[in-house]
Amino acid sequence: MTSPLMSGTLLHNHYVIQRQLGQGGMAVVYQAEDQTLPGRFVAVKENFDRSQDAQDQFRREAMILARLRHPNLPQVTDHFVEPSGRQYLVMDYVEGDDLDDILSRRGPLPEAEVLPWMDQVLDALAYMHGWVDPVSGQPMPVVHRDIKPANIKLTPSGRVMLVDFGIAKYQTGTLTATGARAASPGFSPWEQYTGRTDTRSDVYSVGATMYNLLTNVVPPEAPDIAAGTPLVAPRSLNPAISVYAEQAILKAMATQMAFRFQCVGDLRQALRGSLVAQVAPRPCAACGKMNKSTAHYCIGCGTPLPAILAGANLTAVPTPKPAPATPSAPPPLVSDMGRVAAWSAGGALLGLALACLPALAIPGSGSGPAATVLYAGEHFFCALGAAAGALGARRANLDTADFLPRFIITFMLALALQLVVGPALGLAPTYLTPLVGILAIAGAVAGSLAGVWLTERSAFRSIKWA
């Protein structure tokens, strides 16, 4: 290895070295001032490896970057070889810290910061993957192949820059120009270890980068995941991560390329919430019905599905052939209404009892405005308990994103029916009496049954709530 350049060293007659910015195994990067344009600073990258392959690759990196023009990519402005044999690449100097340094200082980063950063990275990758040679007019996708937090810099203005194209490759006709065969443990996909990469390889690396930034944990190496090493679910490491971001990460990190997002545009849409990112569907062993990846019970027959434990390998797998239905499956909704009604009534009674506790603790609450407030609160908690009991009894095949609209509809119907029953019988909204309580529970149960029936219709299930 050659000795580092000292501050004040003049390169190529007009680049004056200021300081060293960073060093890797095969290269070192300096900050320098361009003497032809005083006050303009550049980044000068020196290649350590003097082998012919390394020299060719260094020139190839210069060729790749010199062709690209994007606000989230540094621009290469020069490439030269000194009489000493030292080879240099000159590019825009990017101020700021890389995301790996930020992560080491702050720990897991908030999703509200990470997603806008990744949106910029994906915008740059979409440009690279869709690049067309202006001379030949032929598509020449550029694959970065080394996306990781250390290769993403954040400028003081909030812009992120994707740097270090040392192992990038580009496609020209039937010829592929490839950088050094290398992999970054935890961030490179399985196929990169065999050299058969394409644009979907960058999709994997973006998913792994998000995983690292949001959890402060480097994922296992892709070959290990493919061999069965568990990939811990991101939300089990950081519960603040949203469901749709976790699903997008897991799909992007599928070991098989066919099960990932097929382009960075799809991943970008998923992170923006406009595409429901799903990992592989789960088949029911009893009836063969395909269920959501997060389902606990089969949508077809109600049979409990095996739990996906934190750390389970979530790699997508081919769909197995349906198995014959078993007679032990739970009954359908129509024959299960009695059980739902019982659970709903129990929940309504519990909610009503809890709501009555303030009346016992507050003297004089049985009359006047306080009685009206208690009356409204008791109806509210009665409906709340009834809806919770009904959904708990049915335990439908819905993930977290679908539960909220289902619960809201059931609760609103329960509350509406119990409030309608009283006026219909001429009962004034006074302090709760046994008759009013019985009618409230009856109305809440009826509304809960209606809510369960409505929200288990196929039309309701077809609505994309998230």
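The values are calculated or read from the model by the stated rules, or taken from the named source; none is laboratory data. Predicted, not measured: the structure shown is a model, and the values here were computed from it. Virtual Cβ from ideal backbone geometry, glycine too; neighbours counted across all protein chains shown.
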Open item on the list: Can you confirm whether R86 is basic (K, R), within 30 Å of P139 (Cβ to Cβ) and at pLDDT below 90?
Closed with: no
Task: region 191-219 - residue that is within 13 Å of T255 (Cβ to Cβ) and at pLDDT below 90 and, of those, farthest from the chain's Cα centre (by Cα) - done: T194
- [ ] Name every residue in region 70-91 that is in a strand (DSSP E or B) and not hydroxyl-bearing (S, T, Y), in order of residue number.
- [x] V76, D78, H79, F80, V81, Q87, L89, V90, M91
Open item on the list: Quick check on my filter: what residues within region 104-142 are of a type outside the set (D, E, K, R), surrounded by fewer than 19 Cβ atoms within 10 Å (Cβ to Cβ) and closer than 30 Å to I17 by Cα?
Closed with: S104
TODO: Output the residue which, of all residues in region 75-127 that are touching a residue at least 12 places away in the same chain (Cβ under 8 Å) and small (G, A, S), is farthest from M63 (Cα to Cα).
DONE: G107
- [ ] Quick one: count up the residues across region 240-268 that are under 14 Å from V206 (Cβ atoms) and either touching a Gly at 6+ places or on another chain (Cβ under 6 Å) or at pLDDT below 90 (or both).
- [x] 3
Task: R260, sole failed condition from (1) charged (D, E, K, R); (2) crowded, with 18+ Cβ neighbours inside 10 Å; (3) out of contact with any helix residue (DSSP H, G or I) (no Cβ under 7 Å at 6 or more places or on another chain) - done: (3)
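Just to be sure, is G173 modelled with pLDDT under 50 and at positive phi?
Yes: the conditions hold for G173.
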Task: Residues located in region 24-76, provided they are touching an Asp or Glu at 6+ places or on another chain (Cβ under 9 Å), modelled with pLDDT of 85 or more and farther than 17 Å from E95 by Cα - done: none
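From the list P108, P38, which one is of a type outside the set (S, T, Y), on the phi < 0 side of the Ramachandran plot, assigned by TED's automatic domain parsing to the domain that holds V142 and part of a loop (DSSP other than H, G, I, E, B)?
Only one candidate passes the filter, namely P108.
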Task: Matching entry among Q247, Q256 (being more than 25 Å from R106 (Cα to Cα) and out of contact with any Pro (no Cβ under 7 Å at 6 or more places or on another chain)) - done: Q256
- [ ] Out of the residues in region 432-466 that are modelled with pLDDT of 80 or more and surrounded by fewer than 19 Cβ atoms within 10 Å (Cβ to Cβ), state the one that is nearest to G347 (Cα to Cα).
- [x] A442
- [ ] Determine, yes or no, whether A222 is in contact with a Phe, Trp or Tyr (Cβ under 7 Å, 6 or more places away or on another chain), assigned by TED's automatic domain parsing to the domain that holds L125 and modelled with pLDDT under 90.
- [x] no
- [ ] Working only within region 15-35, note down all residues that are part of a loop (DSSP other than H, G, I, E, B) and closer than 18 Å to R86 by Cα.
- [x] G24, G25, M26
TODO: Could you list, in sequence order, all residues of region 24-65 that are in contact with a Lys or Arg (Cβ under 8 Å, 6 or more places away or on another chain) and of a type in the set (A, V, I, L, M, F, W, C)?
DONE: A27, V28, V29
